[in-house]
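Values in this text are rule-based calculations from the coordinates and carry no lab data. Because the structure is a prediction, the values reported are computed rather than measured. Every residue, glycine among them, receives a Cβ derived from its backbone with ideal geometry; neighbour counts consider all protein chains shown.
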Amino acid sequence: MCVRDSQHIPKGSIMELDIVFLSRLQFAFTIMFHYLFPPLSIGLGVIMVIMEGMYLKTKNKQYEAMARFWTKIFAVVFALGVASGIVMEFQFGTNWATYSRYVGDVFGSPLAAEGIFAFFLESGFLAILVFGWDRVSPKVHFFSTVMVSLGSMFSAVWIVVANSWMHTPAGYHIVGEGLAARAEITDFWAMVFNPSSVDRLLHTLIGCWILGAFFVMSITAYYILRGRHVEISKKAFTIALIMGTISSLAALVSGHTQAKTVSETQPAKLAAFEGHFHTGPGTLYLFGIPDAQEERVRFGIGIPGGLSFLLYNDFNAPVIGLDQFAVEDRPPLHIPFQSYHIMVALGMFFIAITLYASFLRWRGSLFEKRWLLWVFVFAIIGPYIANYTGWIAAEVGRQPWIVYGLLRTSDALSKSVSTGEVLTSLLLFIIIYTLLFALWIYIMNEKIKHGPDAVEASPAAKKSSLLDTMSSLADHGGPSMTGARNNDDKEGK
C-alpha cells in the first residue's frame, strides 16, 4: 500500500522537488552532525570498562589514570550527543508530519523503550561516573561505568530497531485508508526482531567499537610520538588495538551476513550497491561508475560471478537485478554504489592495519615504527567515513521509500511547510551546528593537550626511586655519605 496526499503539490513540479530535497537535506545534515557523537560514546564506553576493570584487577594506578582521562572525554561527547539529538525529534513534527502520523504507533514503543531503558540508565549513572571517583568505592564506580556503557548501547538497540522497521516492516497492519491510513503494531516482538534488525544492530555496534578504538589509538599514538605520557599511552594503545583488531574482523563477518539479508529483503538496494542491472550471475565490483542509461558499470573492475558466490556459494547462481523493478521504484545508483564500496574498502584497510600492528606489538617493535604511529594518528578519519558511508548507502538505497513498500518519501512531508521555511531553518542549523562543532573541537583540544593526570607513585616505588637516585649520584661522583665523611676527616686534620 502506498499513501499519497492528493492535496499535495502536483508530482514532478519544481516546487515539490525543492521542498523534498531541502527537507531531506536538512534531516541528513542534522543527523550527520549528531552522529559524530553516539558511536564515539558507545566505543569509548567499552574501552573505559576495560581500563577500569584492569585497574580493579591489577591495582595499577596507570589504568586508573587513563580511565579518569577518557571519562572526561566521554562526558564531553555525551553532552554534545544529547544536545544535537533533540533537534531530530522536532523535525518529525515539522517537516515530516505525515510520516509521523503514519508510523507513530510503531515508533512510539521503541522510542519510549529507548528513553526508559537506555537514556535514564545512561544518564542516571553518569554523575557517579564523572564525579564519583573519590566519593564511592572502586567497585561501585566500576559498576556505574558498566551501566553507562550498557545504556549507550541500549540506546542504539531501540533506535536501530525503529530504523530497521522502516527497511523491513513486520508485526503490523494498516488501519484506515488514504490520508487517514496508518500502521499499527499487531506483534511487538515481531516488530522488534524484524528481518533486518539484528544484523543491522550488530554491524552498527561493531562500527562504533571500531571508531572508539581508533580514536584512542589516534590520541595515544600522538602522545607517544611527542614523548608525552609514554608508558600510560602504550598501555592504552594496546587495549584499543586489541579491541580494534577484533572489531574489524567481526565487521567483515557481520557485513557479509547483512548483505545476504539485504539480498532477500531489499534486492533492489543490493542491486544498486553492486551495480547489478540484469538478473543473472552477479559480478562483484571493486570499483567503477554505474551508468543507468546504458545499464552497465563503466570502468568497472570486478570478479565475474563473485557476488553470486558470496550470496549463494555458486558463481553461476542468479541474483535479482534492477530490471525486475519499475523505474520509479528503483533507488538512485551513484550514491549507494560509491558509499557502499568506500565502506567496504575502509573495512579491509582496518583489518590490514590492525593485524599488522598487532603482529608488531607481539614482536615488541610496534612503538619503534614512527611512520605507523603517524598513520594511526590520522586513521581516525577512516572509521568516521566508514560509519557515515554505511548509513548513507543504507538510507539512500531504500529510496524512493521512507517505509519500504508502504510509504514514499515524497508523500511523507508535512502539508503546511513551505520551501522558504525549510531553507531558512536549514541555514540556521548550519550556523548553530558550526558553532557547536567549533566549541567541541576547542574543549576536546584543551583536554587532549592536558592529557592524563600524573600517576602518584606508591611508597615502595618512591623508596626504590630514591635509592636509585642516590646510587646514581654516588657512581658519578656526586654528593654522597662517603664524600661527606671524607670532607669531615680533612677538616679534622
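Extending 7 Å from Cα along the Cβ direction at residue 378 and again at residue 291 yields two label points whose distance is 3.5 nm. For residue 298 and residue 123, the difference between the fully extended length at 0.36 nm per residue and the C-alpha to C-alpha distance is 57.9 nm.
Which pairs in the list 139/449; 260/415; 139/234; 57/260 are over 32 Å apart, alpha-carbon to alpha-carbon?
Numbers: 139/449 30 Å; 260/415 38 Å; 139/234 25 Å; 57/260 42 Å.
In this structure, 260/415; 57/260 lie more than 32 Å apart at Cα.
For a footprinting-style exposure proxy, rank 224, 219 by other Cβ within 10 Å, fewest first. Could you put the intermediate results ahead of the total?
On the way: 224 22, 219 25.
Going from sparsest to densest Cβ surroundings: 224, 219.
In which sequence would 161, 146 go, from the one with the fewest C-beta neighbours within 10 Å to the one with the most? Don't skip to the answer; put the middle values down first.
Values: 161 24, 146 18.
By the 10 Å Cβ count, ascending, the order reads 146, 161.
If the segment from residue 94 to residue 278 were pulled out straight at 0.36 nm per residue, it would be longer than the present Cα-Cα gap by 62.2 nm.
Whole angstrom only: what separates the Cα centroid of region 110-166 from the Cα centroid of region 230-256? That distance is 22 Å. The C-alpha radius of gyration of region 174-299, expressed as a fraction of 2.2 N^0.38 Å, stands at 1.59.
Give me the number: length gained by fully extending residue 135 to residue 228, i.e. 0.36 nm times residue separation minus the C-alpha to C-alpha distance, one decimal in nm. Walk me through the numbers before you get to the answer.
Values: separation 93, 0.36 × 93 = 33.48 nm, distance 2.93 nm.
This chain segment gains 30.6 nm when fully extended.
Kindly provide the helix-only [θ] at 222 nm of the chain, computed as the sum of -39,500 (n - 2.57) over DSSP H runs of four or more divided by all residues, to the nearest 500 deg cm²/dmol? List each step's numbers first, then the result.
Details: 17 runs with 340 residues, N = 493.
When only DSSP H runs of four or more count, the value is -23500 deg cm²/dmol.
With Kirkwood's inverse mean 1/r over C-alpha pairs for Rh, give me the Rg to Rh ratio of the chain, two decimals please.
Working: Rg = 27.8 Å, Rh = 25.6 Å.
That ratio equals 1.09.
Projected over all directions and averaged, the alpha-carbon convex hull of region 35-121 occupies 6.7 nm². Residues whose amide H falls under 5 Å from that of residue 286, counting only those 5 or more places apart or on a different chain, are 301, 302, 303, with hydrogens built in the peptide plane.
Rg/Rh for region 280-319 (Cα atoms only, Rh after Kirkwood) is 1.02. For region 68-107, the residues whose amide N sits under 19 Å from a probe point set 7 Å from the Cα of residue 184 along the beta carbon direction are 99-107.
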